[in-house]
Amino acid sequence: MSSENIETRTRILEAAWKLLEDGTGSAVRMSDIAKASGISRQAVYLHFPNRAELLTAVTRHIDEVKDVEAMLVESRAAKTGLARLDAFIDAWGNYIPQIYGVANALMSMQDSDAEARQAWGNRMQAVRHGCAAAVAALEHDDALVPTLTPETATDLLWTLLSVRNWEQLTRDCGWSQEAYIDVMKALASKALVVSEFG
C-alpha cells in the first residue's frame, strides 16, 4: 500500500474514531465519515468495502495507536497462571477507560445496527481470547477450580471483565479505577483459582 493510501486510510479511521467518541452513535454513516475525513464517499469505499469492515478496522486502529500489544506483554510473559490472570486484568481493566467512548457508541448502536454489532462482537472475541489464555495458564498449573471447565471459567472471566460491568461500577457506583482493578482481581481469583494458589 502506498504512503498516500496509508495516509488516506488513517484519515478515515481517525475521523470515524472521533465521530464515535463524540457520541454521534448511529449517525456514523459512511457519508458522515467521508465528510469528516475530507474525502469522497467513493474513496472511503475503496479502502473499506462496507461499514462493518470500517468499524472493525477502527477498533483495531485504536489498539495500534494505544499500543495494546505493549500492555499485554506482562500477561503473556507471566510465569504462573495466577500472575497471568492478574496481569491480564490489569491490562484489559485499565484499557477500558481509554476506549470507553468508542465502546459505548458501538454498544449503544448494536441493537439496531448489525454492522456495529459485528464490529463490537469482533472486538469482544479478542478479549475473550485473552481470558481463555489466562484460564489455560491456570489449568496448566493445576490451579483452576475443579468445578469449572476451561470453557465455563472463560465465560465467567469474560463476563466479569465486561465493559458494562466496568461502566456500572465506576460510572454509576463511583468506584475508583484502582478499586475496580483490585476487586476484579480478588473476585477472579476467588472464583477461578484453587485456594492453595490464590
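The values are calculated or read from the model by the stated rules, or taken from the named source; none is laboratory data. Bear in mind that the values here come from a model prediction, so they are computed numbers and not experimental data. FYI the Cβ positions are ideal-geometry reconstructions off the backbone, even for glycines, and counts take in every protein chain you see.
Taking helices (runs of 4 or more DSSP H) as the structural unit, those lying wholly within segment 127-198 and holding at least 2 residues that are without any contact (Cβ under 8 Å) to a residue 60 or more places away in the chain and β-branched (Val, Ile, Thr) correspond to 150-160. Looking at the structure I just gave you, is Thr154 surrounded by fewer than 17 Cβ atoms within 10 Å (Cβ to Cβ) and closer than 16 Å to Ala191 by Cβ? Spelling it out, it is not the case that Thr154 is surrounded by fewer than 17 Cβ atoms within 10 Å (Cβ to Cβ) and closer than 16 Å to Ala191 by Cβ.
Of note, Tyr95 does not satisfy the criterion of being assigned to a helix (DSSP H, G or I), at pLDDT below 95 and among the aromatic types (Phe, Trp, Tyr). Just one of the listed residues (Gln98, Gln118) is surrounded by 14 or more Cβ atoms within 10 Å (Cβ to Cβ), in contact (Cβ under 8 Å) with a residue 60 or more places away in the chain and in the same structural domain as His140 (by TED's automatic domain parsing), namely Gln118. Among the residues in segment 75-82, are any touching a residue at least 40 places away in the same chain (Cβ under 8 Å), assigned by TED's automatic domain parsing to the domain that holds Glu167 and in contact with a His (Cβ under 7 Å, 6 or more places away or on another chain)? For segment 75-82, residues touching a residue at least 40 places away in the same chain (Cβ under 8 Å), assigned by TED's automatic domain parsing to the domain that holds Glu167 and in contact with a His (Cβ under 7 Å, 6 or more places away or on another chain): present.
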